[in-house]
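Step one of this worksheet: look at the structure below.
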Amino acid sequence: MVVSRLGVKADSDDKSDGAREAVEDELFADRLAVSRPARELCEFVLELLRCHPRRVPDARYLAQAVSVASAARSYPFGFRPNSVRLANVVQREHSEGGALGVKQRQEREREATSRAILDAARELFVAEGYGNVSIRKIAEKIEYSPAAIYSYFPSKDDIFLALAEEGFRMLFDSAECVLTEHPHDSPIDCIRAAFLNVYHFSRQHPEYHALMFLDRSVPGISHDWQQFGFVREMRGQVTGLIQRSVDVGDFPVDCDPEMVFRVLMATIQGVSAMRLCDRLEPGDDPDRLARVTLEAALTGLRTGFDYAGRPATAGI
């Protein structure tokens, strides 16, 4: 028995419980992203630590335990545990005066599991389409049971809504930076920067952008406006900028800020979708196309347009 070969003897030292718990926290906080052999080895090493807690802060002992455990098992794909990292985890937590409490560890584990579920779902939704992905598929991807997924998210729609909320917050956080970077710019310059930011978001976060704006099978966020109230607030900020532009004469006095918003959003989303779906002509520069297309829309809107949806016919 490996335990007897190491000379490990059961011992109970409450002072070392914190250090052992720190190892558990470090190893299992992201356990869903670790292969099954790795998890089995970690569990084995932790059992050794439970049996001999007085030696926990000793990095050499921990490295020896990992080495013996690894030699006693057969791991595919050349897996080898990083005993130095494990030892460093124990020593760091020990030197910092103890580990997190049980409640904090549970919260971290829950956050890590929720993050793993969301990441797996995002990849599957984009690769296969929202309508073709089930809770079971998500569970299989992270080696979790479907029942366990439901303890984090009541339904697949709730997983999407959580992803959409993350995406909109990232989009609006970057938009706020754009709008506050040059506070003395004219309203029209801020409007231009805000809509170009939507295009840049599609480049930096293509998976989120595809889920939020391109996949027609996802549930509409209008069904949960309480969760997405900040979306309306941010949209109100942009339409407020458009109204300021009307007030200073950048747009005709009779234009509807909401309609201007929709025209500009449709304009920039068109270029974003063409780039994401690889529908551009060979040699096209999508960044330049986004700027030119947005500028053309702004020019048309500023010149004058029938905002009911058809070109003005005055004088004809």
Exercise. Which of (1) surrounded by 15 or more Cβ atoms within 10 Å (Cβ to Cβ); (2) modelled with pLDDT of 90 or more is the odd one out, the single condition Asp224 does not satisfy?
Worked result: (2)
For this session: Confirm whether Pro154 is exposed (fewer than 14 other Cβ atoms within 10 Å of the Cβ), modelled with pLDDT of 90 or more and in a loop (DSSP other than H, G, I, E, B).
Result: yes
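Condition first: assigned to a helix (DSSP H, G or I) and touching a helix residue (DSSP H, G or I) at 6+ places or on another chain (Cβ under 6 Å). Now tell me which residues in segment 225-254 satisfy that.
The first filter runs over segment 225-254 and keeps only residues assigned to a helix (DSSP H, G or I), leaving 229-247.
Passing the criteria: Val231, Met234, Val238, Thr239, Leu241, Ile242, Gln243, Arg244, Ser245.
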For this session: Specify which of the listed residues (Val271, Val246, Val263, Val238) is over 18 Å from Leu214 (Cα atoms), in contact (Cβ under 8 Å) with a residue 12 or more places away in the chain and either surrounded by 13 or more Cβ atoms within 10 Å (Cβ to Cβ) or among the charged types (D, E, K, R) (or both).
Result: Val238
Seminar exercise, completed: When Ala312 is run through (1) in contact with a Phe, Trp or Tyr (Cβ under 8 Å, 6 or more places away or on another chain); (2) at pLDDT 95 or above, the failure sits at (2)
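Quick grid of which residues meet (1) closer than 30 Å to Asp189 by Cβ; (2) without any contact (Cβ under 8 Å) to a residue 60 or more places away in the chain; (3) not acidic (Asp, Glu):
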site: Gly131; (1), (2), (3): no, no, yes
site: Lys137; (1), (2), (3): no, yes, yes
site: Ile149; (1), (2), (3): no, yes, yes
site: Ala164; (1), (2), (3): yes, no, yes
site: Arg169; (1), (2), (3): yes, no, yes
site: Ser174; (1), (2), (3): yes, yes, yes
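The values are calculated or read from the model by the stated rules, or taken from the named source; none is laboratory data. All of these numbers come straight from a predicted model, not from anything done at the bench. Note that each Cβ is placed from the backbone with ideal geometry, even for glycine, and that neighbours are counted across all protein chains shown.
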